Amino acid sequence: MFEITEKKKLAHLVYQFKIKAPSIAKKREAGQFVILRMNEHGERIPLTIADSDNEAGTITVIVQEVGRSTMLLSGLDAGDTILDVVGPLGMPTHIENFGRAVCVGGGIGTAVTFPIGAALKEAGNEVISIIGSRTKELLILEEEMRSVSDELLVTTDDGSYGHHGFVTDVLKNLLDDKKKPVDIVIAVGPVPMMRAVAEVTRPYKVKTLASLNPIMVDGTGMCGACRVTIAGEVKFVCVDGPEFDAHDTDFDELIMRNRSYFKEEKTATEEYAYHQGQGGCCDEKKTDA
Amino acid sequence: MIDPKEIRERMKIPKQPMGEQEPMERIKNFYEVPHGYTEEQAIEEARRCIQCKNPLCVDGCPVGIDIPYFIRLIEEGKFIEAARKLKETNGLPAVCGRVCPQEDQCERVCIIGKKGEPVAIGRLEKFAADYEREHGEVTIPNIPKWTGKKVAVVGGGPAGLTAAGDLVKMGHRVTVFEALHTPGGVLMYGIPEFRLPKKIVESEVDYLRKMGVDIQCNSVVGKLDTIDELLSEDYDAVFVGSGAGLPYFMNIPGENLVGVYSANEFLTRVNLMKAFQFPEYDTPVLKGKRVAVIGGGNTAMDAARTALRLCPEEVSIIYRRSREELPAREEEIHHGEEEGLVFRLLHNPIKFTGNDDGRLTAIECVKMELGEPDDSGRRRPIVIEGSEFTLDCDVAILSIGNGANPLIQQTSPDIKTNKWGNITIDQDTGRTSKKGVFAGGDIVRGGSTVILAMGDARRAANSIDEYLKTGQW
């Protein structure tokens, strides 16, 4: 059992949790993830580690309510427990002093951009961060990102805050600045955003990495659920990734595979919502009886 | 010793049939297929054993169970004693009685089998172990005083659990590090409920815990502590039984379409995550209407028979050689045939095709014929020119083997591996190239059986014990 020590609402449907997991906190590096299972009936869901506190023995994850499992997690509070947390999984981000690094975070992807930006800054890079969301209320980690960036640029699709438009518009402006060439771009966010970033940087031939978020089961290479095509070759995100060269990544395939259980997820979510509406889930009813 | 007249009498006793669920009934559920022997049947079957003075069956057993002895105990009605006798050499008898390929091991060399059917050793093993468990008679053996040594076991599957059980009985302290949320390895995620009920695995694991084995789930060695850290911090030796790792794919077009699974993923979703009970359990699986399983081994049969129980219209096996070469156990093939599994033998997929949503709709196949024997001694399958055809199908499950998992080797490069990435060991001792580190099971063998993994673990446990006592490498 893993105890939640702190819960914070970051935006509409977006929550930050600190979870007691000392051995993971001690070992984790930027870019790595954990797999959570909420209870005996739960599925295994991967979540990137946004931060850790070695002294407190906690890791930080940020979750957006999108389906049954994330709803379950979002419903928990400090003091509640999660049945299983395993990690740190995946390869850490390759960090070195690249020079001028641009971190692009879209929506909840900023949760992943933050530790990477922090590590890049630590390694001596000039870090420019671009974070974006649909609207101001959905923007997360603005202050945290500012603290690890030499320059922070914010965009909202509806213009309610920062630059009116997409992260890619701002990114293109940076790339066009011939006096200050960009050495590396790291993009984390919804798959269409990462695909768009890859297309923007491709003509400039700037090395671009994306952190991929496929469906996973075991997370240790055993099942192959998370396979993606990188430069025509099949890779497992859980052991080979999660970061890959965005110019080589088949994002369309990833979008397609992420929709594998579209119908089943809808059933599960509706079921969950229904039972919530009944004033408790079936397990609780059993306990009451 | 039994006199010759009695032997002749015994040889007249027919092999006791095993009752099982009717095929059309059992494909609607996940309950175990065979019912198991009754006490009377077990005693009668035990009487078929002629108690050879030099029993070949014992040599045929990878862990060297004293087979005639435990069978005699069953014959005498001493079922609990029989189970304890089994447990002296086999920590997981209820598992092995179900999943061992006895027909290639103990039963293959049984002298009774020369003239008729061999003694049903596997069924008797299952009977004794089940009897003990169901009658609440499981007792924990005496554990010797702690030797002061600690052993880390990487992986809680058949190899790791066997090593742990043996080592703890030798007086060492043992911690098993399991990556998944539950111990058991392939016994939990791979082998289906209808062949090996999970409550049996749980009770075998519980037995080890009661003996003092410490099992840490959610612990990925290499990602948390590395083997070097384990050796320098707390442990005197390490046994690596991390199992078969990465599933192979065929590298043909369309392999990443939605609906194409590895057998590992399909089975893990259904067995470990209980997707057959979705949405009561949260993990889904695509059940499909027409399912094709590619491959002909035991895992392929498990996947196919699991798929059958999820109610599609047709489940078929696609295998590139003929029935004769199917690597699966005859019993599994037979059960599959009874359950309506379609065998597309001498067929091979060349391409997966899908719709606009990226979902699998068909497999393009070719027909094969057998040519000259290849390196494996089996006749090489050759494509018949112009034999291409399309098979409608919305779920395909690839069961063509596993490569080595890279997690251990990535962080312990001083453990020598072969060209496939499997750890190389000294066959007799299970020693790897790294001091204090031993290995066994599928991480060494590539893809093999539960019992061979257990045999490896037993040998390794003995040499770990020796190493811990002498300190000599």
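Criterion first (free of Cβ contacts under 8 Å to residues at least 40 places away in the same chain, touching a helix residue (DSSP H, G or I) at 6+ places or on another chain (Cβ under 6 Å) and assigned to a loop (DSSP other than H, G, I, E, B)) does B:GLY212 satisfy it?
So B:GLY212 fails the test.
Does B:ASN402 qualify as being polar (S, T, N, Q) and in contact (Cβ under 8 Å) with a residue 60 or more places away in the chain?
So B:ASN402 passes the test.
Pick out, from segment B:63-135, the helices (runs of 4 or more DSSP H) lying fully within it that include 2 or more residues that are touching a residue at least 60 places away in the same chain (Cβ under 8 Å) and under 28 Å from B:VAL168 (Cα atoms).
The qualifying helices (runs of 4 or more DSSP H) are B:93-99, B:121-134.
Given the conditions (1) more than 10 Å from chain A (Cβ to nearest Cβ); (2) over 30 Å from B:HIS334 (Cα atoms); (3) open to solvent by 40 Å² or more (accessible area, probe 1.4 Å), which single one is not true for B:SER242?
Of the numbered conditions (1) more than 10 Å from chain A (Cβ to nearest Cβ); (2) over 30 Å from B:HIS334 (Cα atoms); (3) open to solvent by 40 Å² or more (accessible area, probe 1.4 Å), the odd one out for B:SER242 is (1).
Identify the residue in segment A:1-48 that is farther than 25 Å from A:GLY241 by Cβ and of a type in the set (Asp, Glu) and, among all such residues, is most open to solvent (accessible area, probe 1.4 Å).
Out of the qualifying residues, it is A:GLU40.
Pick from A:THR70, A:THR60: which is more than 9 Å from chain B (Cβ to nearest Cβ) and assigned to a strand (DSSP E or B)?
None of the others qualify; the one that does is A:THR60.
Mind listing just one residue for me: the one in segment B:427-468 that is assigned to a strand (DSSP E or B) and either open to solvent by 20 Å² or more (accessible area, probe 1.4 Å) or β-branched (Val, Ile, Thr) (or both) and, of those, farthest from B:GLY185 (Cα to Cα)?
Among residues in segment B:427-468 that are assigned to a strand (DSSP E or B) and either open to solvent by 20 Å² or more (accessible area, probe 1.4 Å) or β-branched (Val, Ile, Thr) (or both), the one farthest from B:GLY185 (Cα to Cα) is B:ARG431.
Considering only helices (runs of 4 or more DSSP H) fully contained in segment A:79-196, which possess at least 2 residues that are within 24 Å of A:GLY241 (Cα to Cα) and free of Cβ contacts under 8 Å to residues at least 40 places away in the same chain?
A:110-122
Considering only residues that are part of a helix (DSSP H, G or I) and either within 10 Å of another protein chain (Cβ to nearest Cβ) or buried (at least 17 other Cβ atoms within 10 Å of the Cβ) (or both), which ones fall in segment B:230-239?
Once the filter is applied, which keeps residues that are part of a helix (DSSP H, G or I) and either within 10 Å of another protein chain (Cβ to nearest Cβ) or buried (at least 17 other Cβ atoms within 10 Å of the Cβ) (or both), segment B:230-239 yields B:LEU230, B:LEU231.
Say we look at segment B:211-224 and pick out the residues that are more than 8 Å from chain A (Cβ to nearest Cβ) and within 27 Å of B:GLY403 (Cβ to Cβ); which of these is surrounded by the fewest Cβ atoms within 10 Å (Cβ to Cβ)?
B:GLN216
Report, by residue number, each residue of segment B:163-194 that is open to solvent by 10 Å² or more (accessible area, probe 1.4 Å) and not in a loop (DSSP other than H, G, I, E, B).
Within segment B:163-194, B:ASP166, B:LYS169, B:ARG173, B:THR175, B:PHE177, B:VAL186, B:MET188, B:TYR189 qualify.
Within segment B:356-407, which residues are β-branched (Val, Ile, Thr) and surrounded by fewer than 21 Cβ atoms within 10 Å (Cβ to Cβ)?
Those that are β-branched (Val, Ile, Thr) and surrounded by fewer than 21 Cβ atoms within 10 Å (Cβ to Cβ): B:THR361, B:VAL366, B:ILE382, B:VAL383, B:ILE384, B:THR390, B:ILE400.
The values are calculated or read from the model by the stated rules, or taken from the named source; none is laboratory data. In this text the structure is predicted, and so the values were computed from the model without any measurement. Don't worry about glycine lacking a Cβ; one is built from the backbone with ideal geometry, like all the others, and counts go over all protein chains shown. What goes into the accessible areas is simple: the full protein's heavy atoms, side chains included, and nothing from ligands, DNA or RNA. Shrake-Rupley method; radii C 1.70, N 1.55, O 1.52, S 1.80 Å.
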